[in-house]
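Only one structure is covered here, and it is reproduced in the block below.
The values are calculated or read from the model by the stated rules, or taken from the named source; none is laboratory data. Because the structure is a prediction, the values reported are computed rather than measured. Ideal geometry is used to build each Cβ from the backbone, glycine not excepted, and the neighbour counts take in all protein chains shown. What goes into the accessible areas is simple: the full protein's heavy atoms, side chains included, and nothing from ligands, DNA or RNA. Shrake-Rupley method; radii C 1.70, N 1.55, O 1.52, S 1.80 Å.
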Amino acid sequence: MERHKQAVTKIAAAVRSFFDKRESYRIFHGSTNSTRPRPGQAGIVDISALKNVLSVDRATRTALVEPNVPMDRLVEATLPHGLVPPVVMEFPGITAGGGYAGTAGESSSFRHGFFDETINYVEMVLGNGEVVQASREERADLFRGAAGAVGTLGVTTLMELRLVEARRYVQTTYHRTSSVAEAVARVRAETEDPANDYVDGILFSKDHGVVVTGRMTDDIPAGRKPQTFSRALDPWFYLHARDCTKALPSAATVAGAAASDAVASSSPQTSFTDYVPLADGRAGSSTTSSTRA
């Protein structure tokens, strides 16, 4: 924390200097194209040193995280403690600060909300160089307003994230749907099931959709191998979901056929199940990384 405090003091002094001189400036994060300094450009506040997970508290299930920590490193830091962020944005390089400043709505969660809704408080440097803390109880207007404000209300320098219990695998089930209406109804039903940790969906055509549900587990059936998506020869997740369901009927189709006595009493399979390692989601668009939990 001492190193962090020294870095924030330096950042605050730089912001205050530009404020006093009424000069504009850019924030340099150290990695992103949009904030990379240009040759000969003045007005830079360098926050690239803020790239560490400062602590993970097993008892309170929280982590102190600096803004330039990407999702893959965040998960790497929390998993050894048996914990994982409840919302992990889908690309491994998206940073915690970017998730707060940009809302990261594409990785929202039916249970936990947007990434910023899993944050307890943030430390920020305001436009005049003042260092403040904002939460739902303290400076609540700033805390809520800065989420999605793309850094226009201040420079985020630290955040406390909530964490949840991690498991070894995600039992990932692909439910075949045959229409948009059926897919919407299935999503609504699955989000109301408290056993589901993740719910997502893909429409490949007007008559082929997949609603994906995930449940964290430490167990895998005997004889089953984990399905991964992070290695070079692994399938793309969306193609895998398409291919393992294209020959399956949907539940609505089976129900309709049963009602007309077109099928036997034993119902055909309408879904397919994988066991995906929890950490495998760091590599791309798996159910783990999408985290519509």
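Numbers below:
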item	result
Residues that are closer than 18 Å to I27 by Cα and either at pLDDT below 95 or open to solvent by 40 Å² or more (accessible area, probe 1.4 Å) (or both), drawn from region 127-149	G127, N128, E130, V131, A146, A147, G148, A149
Region 211-227 residues that are of a type in the set (S, T, N, Q), paired with ones that are part of a loop (DSSP other than H, G, I, E, B) and loosely packed, with under 14 Cβ neighbours inside 10 Å (beta carbon under 8 Å, 6 or more apart)	T213/D193
Any hit, region 98-115, residues being part of a strand (DSSP E or B), farther than 14 Å from L161 by Cα, open to solvent by 10 Å² or more (accessible area, probe 1.4 Å) and of a type outside the set (V, I, T)	yes
Residue list for region 187-244, restricted to those being of a type in the set (K, R), in a loop (DSSP other than H, G, I, E, B) and either under 12 Å from Y275 (Cα atoms) or in contact with a strand residue (DSSP E or B) (Cβ under 7 Å, 6 or more places away or on another chain) (or both)	R224, K225
L50 being at pLDDT 95 or above, in a loop (DSSP other than H, G, I, E, B) and open to solvent by less than 90 Å² (accessible area, probe 1.4 Å)	yes
Hits in region 242-256 - residues which are exposed (fewer than 14 other Cβ atoms within 10 Å of the Cβ) and under 14 Å from D207 (Cα atoms)	K246, A247
Qualifying residue in region 145-161 (condition: free of Cβ contacts under 8 Å to residues at least 60 places away in the same chain and part of a strand (DSSP E or B))	no
